[in-house]
Every structure is written in C-alpha cells, then in structure tokens.
Amino acid sequence: MLVSVALVSAFGSFDSISATAPASTPRGVDRANLDTSVRPQDDFYDYACGGWMKANPLKPEYSRFGTFDQLGELNRSQVRDLIMNLGSQNAEYGTNAQKIADLYALGMDSIRLNRDGAAPVKADIARINATPREEIIDLIAVMPGVDAFFGTGVEADMMNSEVNAMYWGQGGLGLGDRDYYLENSAREKEVRAAYEKYLKTISSLAGYSAKDQKRLVKNVMEIETALAKAAMSREELRNPAASYNPMSISELAEKYPHVDFARYFNKQGVNGVETLIVGQPKSLAAVDSILANADEQAIRDYVVAGYLSSAAPYLSDKFIKANFELSKVLSGVQQQQPRWKRAVGVPNGLLGEAVGQLYVEKYFPATSKAKMLDLVNNLRVALAQHITQLPWMSAETKIKALQKLSTFKVKIGYPDTWRDYSGLAVDPTKSYWENIQHAITFNNDYNLADFGKPVDRERWLMSPQTVNAYYNPLTNEICFPAGILQAPYFNPDADEAENYGAIGVVIGHEMTHGFDDQGRQFDKDGNFANWWTDEDAEKFTKLSDALAAQFDSIVVASDGTHANGRFTLGENIADQGGLRVAYTAYHNAMQGKEMKDIDGFTPDQRFYISYADVWAGNIREAEILSRTKSDPHSLGRWRVNAQLRNLQPFYNAFDVKEGDKMFRPEEERVIIW
C-alpha cells in the first residue's frame, strides 16, 4: 500500500515538561539556543542549535530528543491530563470517556499485569500450536495480534482514486528492516544476537522449555531470513509502479496455491474481493514456498513469535523488560519510559479521534485555524510562483502542475465529523491484552468495511492531537493536525519570520510532497498517471539524482556509515521545497511592511534560525544507525546544513563566502522546486 508522507517519523520518546499550553514565543531570536562560539558560515546547525543542545543533554530514557520531541511531550502531558480527568468522572459504561479512562487504567495496573503474567496469551498460543499447515492462513486472517508473513488492507486504488481497493504488502519481519538479516557487519550481527535473545526470553516467559526455546529461535530466524531475501529494499519500495500488481483471485490461486486468499477474505467477512493489488510478488512467492515446504512446527513457531512480540508491551513487566532490552541495542536508549507514558499512548492511538475531540475542545482555538488558513493560502501562491518561474520545466507541464496545486485539499486542526467508536467495547474485567485485541479487530474491521466503496475524502489519517503533518497523494491533500500547531512550530503572536521559518516550512514541505519523486507520479485527482513530458521527467530525474548524491556523500556516524540519499530523497526534496517556498511566501506577506532587525538579527536571519530551531536535538549513535536504515527522513543536522548549502538567500543572509565550510560552489548546488 502507498503510505502517505509525514513530516517526521513517529517519535519514540519525549522529554517530560509541563502540561500547560506553551507561552507566547518572544519576538526575535532566543539567544540561549545559539552557540556563538561557532561561526554560522561554518556549521549553521551547531550555531543555531548548539545552546539548546547543551542545555538539553540526553537523559537515559531517550535515544533521541529534540525540540520536535519536546512539543510531542507537551502534547502527551496534555493528553494525560485529559485522561486523568475522565478517570475522576466515573463515566457511564459504553461512553468514549469510559473506554479511554479504563484502557489507560488497565495499562497502569502493574499489580494485575504482573499477577497475570503470560495467562492472557496462553490460549492463543495453544491454538496456534494446534493449527495445521493448511489452516495457518485462516488464523492469520482472524487472530488479532498475529504479525506474520504479510499485511492486507483497504486503500484508494492508485489507478482509480475514487474507489477503495484491497492491497497486499510484504511483512512478517520482527526486526522490521530486511538488512538486519542480510548484512554481516558487526552492527547487524549484534542486532541479530539481541533479537535471538529476545525471542528466547519471551518464549521462556510463555512457558516454553529450554529445548523448545532453542527450536523456536532457529525456526524464526530461518523463516524471517527467507522473507528478508525476497523482500523489496526500502529504495525499491519508493517506486509506486513496482508495487502495483493487480491479480485476480483465480490467478493468485494458480500462482500461489498455498495462500488461499478466497478463504482468507471470507474468514475476515469481506465479500466481493475479485482482485488483489499485490505490492511485492517476489515476497508473496516466498510466503507460498514457506507455507508449502517449511516444517509445520517451524511455521507455528514463527507465528507464535510474531504474536508474542505484538502482545509483549501489554503483558507483565518481565515481557516489557525483554522488549526494552532489544530496543536498547537497536536505539541505544538506556532507561525505560515511565509506565504512564506507555499507558497514555494506547488510548491515544486506538481511540485517536475520541481523545482528539477532547483535545481540540481544550487546546485548539479557532483563531489558530484562521491564521493557518492564511498561511496555507500564502504558501500556495508562493509555490505557484516557483512553478511558473522554473527554468527547467516546460509550459505544458507547468500548466498541469499548477492545476494539481490549485486542487490541493487542505485539512487543518480536526475533522468536521468525528469517528463513531460505539462498536468498540472496553471491559475492565478482562485483561489488558484482550482489550487491546478487541481494539485491533475493531480498527481492522473499520478499514475492511471500506472495501469497494467510494473513497471518503473527508477522513483523516492522523488524529487531531498528533504532532505531525502529512500529504496523501491518493487524495491530493495536505493535513496539519492541531497537535503541531503550537510553539515552536506555530505561534500567532510570534514574529512573522519565525512562523514562516517554522510552520511555513512545514506547509511548504507537505505541498512539495505533491511534486517529489513519488508524489509527482500522481495527478490532481490522486490517480497514478504521467502528466509530465518526457523531457521534463528526464530533467527532474537528473536534478533529483544530484540531490540524492549530495546526501549519499554525508557521513552520519563514527563507523563511516553514510546517509542514504535515495531512501530519503522524497523528504529531502520536500525540505528544500518547503524552505524555498516559505521564504518566498514570507517576503510576499511582508510587501509594503517595514522589515525590521530585531535584537541584531535581520528578518532573513531570523527565518533561517527559526527553521534550524525546530530540528535542534541530541541523538545516540545507535539511533543514528537505526534511523539511517528505517527512517525516510534525514537526520536533523542534515535537514539544516545540507539543505541550506544549496540556497543563495541563506548565503546572503549570513555572508557565506568561498572558503567557509557551509559554502558549496554554485555549479554544485541543486535547486528543484
């Protein structure tokens, strides 16, 4: 399935700060964030963010912590306050308030969770181990929490974005990324060893003997390695055309006879699936081969491992500790987050809009939405100016690009219609994991119910309290939830240079996703269609290849690991577009107004410092290595330094000259949008 593009990947942890709303940002630059011992011409990131970084050293529970995460933590504290208030109201059973409060309380009840131990998963494990090979597909279809082999789901048809289709995608890797199984550097070997230890621990906690633990680990690693060998790389997954392979159910039955999709969808209660859009046929062939040829107990062990991994965060402290020990190796985090932070995330995710409705009532004023609409309109005008003036694009393609831009659907704050959660029951007499399973089934059924129906273009893909933003190419929409519309990203009382350098760049970033290496392949209606001339497509590819090469050359870790410019290309294009378009929009907005220096900084200097400030952060090397494999966004340091080295207005603002480390010769600079 095609995933909508967000501003950042999901954050893993945040700093703990007050749950009060952010105070108005002072007009001008906060000098405490600067490190004036560094010349901005040599390392702008350290100059603009060094003071903040020194004042906010990483605490043991964080693998990464920055200003973005700080805002996320404020958001989480706000949500916690809302939930705690619900708990004191003794809400009527069946209401959203009861479901949110009880789900949080179940997660906080460590005494009960530790007393129950593995009891909540024992029946499902026994069921898996009693399932014959030919019925494994049935079990995968209906047992919530089973993460095995692949994923299916409903999304707009890439070729007909008005109708929802059924998609199939590769999956079933406990470590997420295929390279952990296939590469043999010291890092990958360390991760595999930690994963094997984790599998041994959770199977032991589930009652497996030492002999059975050893067998399970061996079987899981063999099956997941086979799946990894067949999986598309993260770079290949960036090609929408390669992942669009519609096949009829009869064709699938002939090619992959051991994956009975007719029975699979029947078990899920989905009728009328005549065509399945297969994302990665090679991976599906591997699944078929494993189901046909692997030892039956090996298949069961693999399914049990995926199931236990899904359940572990919602079981006893021993399971949670095992999960944490693996994350220590993957990310370098040293201390587990407090229980309340983990517990808040569950209702916040599973009942996102129910929590969101409470959130916007308290924390999102109508004036913020009005201000954002003005900013979005200004950014749209600026991007149109850029498209019109592009030296490398023909008039024919420009017309279609402008048409696409003009039809962007804009979503700000929260949806007009709230989701109905009346069909979900949260029963505090049942275990935490059983309630999680019910919620998984409820949300899965919600998605499956859309199959064959017209696409609901009013639906949101993020909850209102989410600190993030996205562009969806299938609906040609940009979305800015209420959660991100707070300082340091957005403050109606702040200097215009600050707002345009922060939330303005976010808006431009999401708009530019409509024209990045993936988004440009979709038309104004959200259909996968080529609206470019061959010559313009060739010029775009040449420019984007050059930008990818710039990031490929960056060394991100002490072991010599380089950034992956191809994997991060879409986000890098969007970052550059956001910076350029927001700068133009800022100057447009200030026409006829006096642009004053404030506290010794020019308006342009404040714009670029504001941009850098939102990416200030500290990060562990293990997390750098992990994100370089799994995160399509560049690291914060390079979202600043690598991008600004291409922009002449930045050179002008800070008097960057040849010989300075931030200087890049003009002939080597890359400008796309």
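Structure notes:
- Test result for residue 30, open to solvent by 70 Å² or more (accessible area, probe 1.4 Å), modelled with pLDDT of 90 or more and of a type in the set (Asp, Glu): yes
- Taken as a whole, the stretch 12-19 holds no residue that is open to solvent by less than 20 Å² (accessible area, probe 1.4 Å) and at pLDDT 50 or above.
- Selected residue (only one of 331, 368 is modelled with pLDDT under 95 and under 28 Å from residue 620 (Cβ atoms)): 331
- One residue stands out among those in the stretch 176-215 that are touching a residue at least 60 places away in the same chain (Cβ under 8 Å) and within 18 Å of residue 298 (Cβ to Cβ): the one that is farthest from the chain's Cα centre (by Cα), which is 215.
- Of the residues making up the stretch 139-177, those that are among the charged types (D, E, K, R) and modelled with pLDDT of 95 or more are 155, 157, 162.
- Of the helices (runs of 4 or more DSSP H) lying entirely inside the stretch 411-530, those containing at least 1 residues that are more than 30 Å from residue 650 (Cβ to Cβ) and touching a residue at least 60 places away in the same chain (Cβ under 8 Å) are 432-448.
Okay, residues lined up against (1) crowded, with 17+ Cβ neighbours inside 10 Å; (2) modelled with pLDDT under 95; (3) acidic (Asp, Glu); (4) part of a loop (DSSP other than H, G, I, E, B):
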site: 53; (1), (2), (3), (4): yes, no, no, no
site: 61; (1), (2), (3), (4): yes, yes, yes, yes
site: 73; (1), (2), (3), (4): yes, yes, yes, no
site: 84; (1), (2), (3), (4): no, yes, no, no
site: 89; (1), (2), (3), (4): no, yes, no, yes
site: 100; (1), (2), (3), (4): yes, no, no, no
site: 103; (1), (2), (3), (4): yes, no, no, no
site: 107; (1), (2), (3), (4): yes, no, no, no
site: 125; (1), (2), (3), (4): yes, no, no, no
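- Verdict on residue 35 being modelled with pLDDT of 90 or more, touching an Asp or Glu at 6+ places or on another chain (Cβ under 8 Å) and farther than 20 Å from residue 505 by Cβ: yes
- Test set (1) over 28 Å from the mean Cα position of the chain (by Cα); (2) part of a loop (DSSP other than H, G, I, E, B); (3) not acidic (Asp, Glu) - residue 234 fails condition number: (1)
- Among the residues of the stretch 387-409, none qualifies, meaning not one is open to solvent by less than 20 Å² (accessible area, probe 1.4 Å) and either free of Cβ contacts under 8 Å to residues at least 24 places away in the same chain or over 27 Å from residue 513 (Cα atoms) (or both).
- Among the criteria (1) more than 30 Å from residue 623 (Cα to Cα); (2) touching a helix residue (DSSP H, G or I) at 6+ places or on another chain (Cβ under 8 Å); (3) modelled with pLDDT of 95 or more; (4) surrounded by fewer than 19 Cβ atoms within 10 Å (Cβ to Cβ), the one residue 538 does not fulfil is (2).
- Of the residues in the stretch 161-175, none is in a helix (DSSP H, G or I) and either crowded, with 20+ Cβ neighbours inside 10 Å or in contact with a Pro (Cβ under 8 Å, 6 or more places away or on another chain) (or both).
- Flag for residue 560 being part of a loop (DSSP other than H, G, I, E, B), more than 23 Å from the chain's Cα centre (by Cα) and of a type outside the set (A, V, I, L, M): yes
- Residue list for the stretch 45-62, restricted to those being of a type outside the set (Lys, Arg) and more than 15 Å from residue 621 (Cα to Cα): 45, 46, 47, 48, 49, 50, 51, 52, 53, 55, 56
- Scanning the stretch 177-188 for residues that are more than 16 Å from residue 328 (Cβ to Cβ) and open to solvent by 30 Å² or more (accessible area, probe 1.4 Å) yields 178, 182, 183, 184, 185, 186.
- For the stretch 353-403, the candidate set comprises residues that are of a type outside the set (A, V, I, L, M) and in contact with a strand residue (DSSP E or B) (Cβ under 6 Å, 6 or more places away or on another chain); within that set, the residue that is farthest from residue 97 (Cα to Cα) is 369.
- Restricted to the stretch 541-553, and to residues there that are within 16 Å of residue 573 (Cα to Cα) and over 23 Å from the mean Cα position of the chain (by Cα), the residue that is least open to solvent (accessible area, probe 1.4 Å) is 550.
The values are calculated or read from the model by the stated rules, or taken from the named source; none is laboratory data. Since this is a predicted model, take the numbers as computed values, not measurements. Reconstructed Cβ throughout: ideal geometry from the backbone, glycine too, with neighbour counts over all protein chains shown. Note: accessible area is taken over every heavy atom of the protein model, side chains too, but ligands, DNA and RNA are not part of it. Shrake-Rupley method; radii C 1.70, N 1.55, O 1.52, S 1.80 Å.
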